[in-house]
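Notes follow once the structure below has been shown.
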Amino acid sequence: MKNRILTLMFVSFLTVLSVSGQNIIKNNPIGTWKFDAPYAPEGYNSGTIVVGFTNMKHTTTMAFSGSEFKYDGENVKAVNDSVLFSIFLQGEDIKVLLKIESDTNMTGKAIYSEGEVPLALSKVLKDSTAVKQ
């Protein structure tokens with residue numbers, strides 16, 4: 001009887017571990033990402049997205065090239081190799097859906113009232129020239 005209880009507890013523990021492990025992200029999205037959106041309206045076709053992790057949740061900040069304004073992402077989720085968030089820009093709610101392809105590449109789209117805009121992102125890596133010398 002004691003062995004059955006211990007076995008049941010052990011199986012329950014393993015089940016909890018396997019279920020909680022399903023939300024693990026294979027490639028870490030945290031960092032600065034340069035994005036290109038060639039089909040976006042002028043002024044919104046390139047910039048950076050910074051993905052962070054603060055207070056036990058993911059955060060995003062989006063900035064467009066040639067602009068000093070930064071837009072904080074809302075409803076940020078990073079699950080199953082995807083990063084999802086929305087920004088409010090010029091009176092419109094824009095949903096950004098990103099798929100982590102590797103440690104240094106993401107693809108995705110921005111969805112707004114006039115359609116979808118494809119995105120290509122590459123991670124901004126720290127300068128390693130000092131290491132090469």
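The values are calculated or read from the model by the stated rules, or taken from the named source; none is laboratory data. Fair warning: this is a prediction, and the values are worked out from it, not measured in the lab. Ideal geometry is used to build each Cβ from the backbone, glycine not excepted, and the neighbour counts take in all protein chains shown.
Return the total of residues in segment 84-100 being free of Cβ contacts under 8 Å to residues at least 24 places away in the same chain and either outside any strand (DSSP E or B) or within 19 Å of ASN28 (Cα to Cα) (or both).
5
Within segment 84-98, is even one residue modelled with pLDDT of 95 or more, buried (at least 16 other Cβ atoms within 10 Å of the Cβ) and more than 12 Å from the chain's Cα centre (by Cα)?
yes
Looking for something assigned to a strand (DSSP E or B), hydroxyl-bearing (Ser, Thr, Tyr) and in contact (Cβ under 8 Å) with a residue 40 or more places away in the chain - is there at least one such residue anywhere in segment 101-122?
The answer is yes, given that some residue of segment 101-122 is assigned to a strand (DSSP E or B), hydroxyl-bearing (Ser, Thr, Tyr) and in contact (Cβ under 8 Å) with a residue 40 or more places away in the chain.
Tell me, please, whether a residue that is in contact (Cβ under 8 Å) with a residue 24 or more places away in the chain and touching a helix residue (DSSP H, G or I) at 6+ places or on another chain (Cβ under 8 Å) can be found in segment 72-83.
The answer is yes; a qualifying residue exists.
Return the residues of segment 43-67 that are of a type outside the set (S, T, N, Q), assigned to a loop (DSSP other than H, G, I, E, B) and within 12 Å of LEU89 (Cβ to Cβ); say none if nothing qualifies.
Across segment 43-67, the qualifying residues are GLY43, TYR44.
Select from segment 49-71 the residues that are within 11 Å of the chain's Cα centre (by Cα), more than 13 Å from PHE35 (Cβ to Cβ) and touching a residue at least 24 places away in the same chain (Cβ under 8 Å) and list them in ascending order.
HIS58
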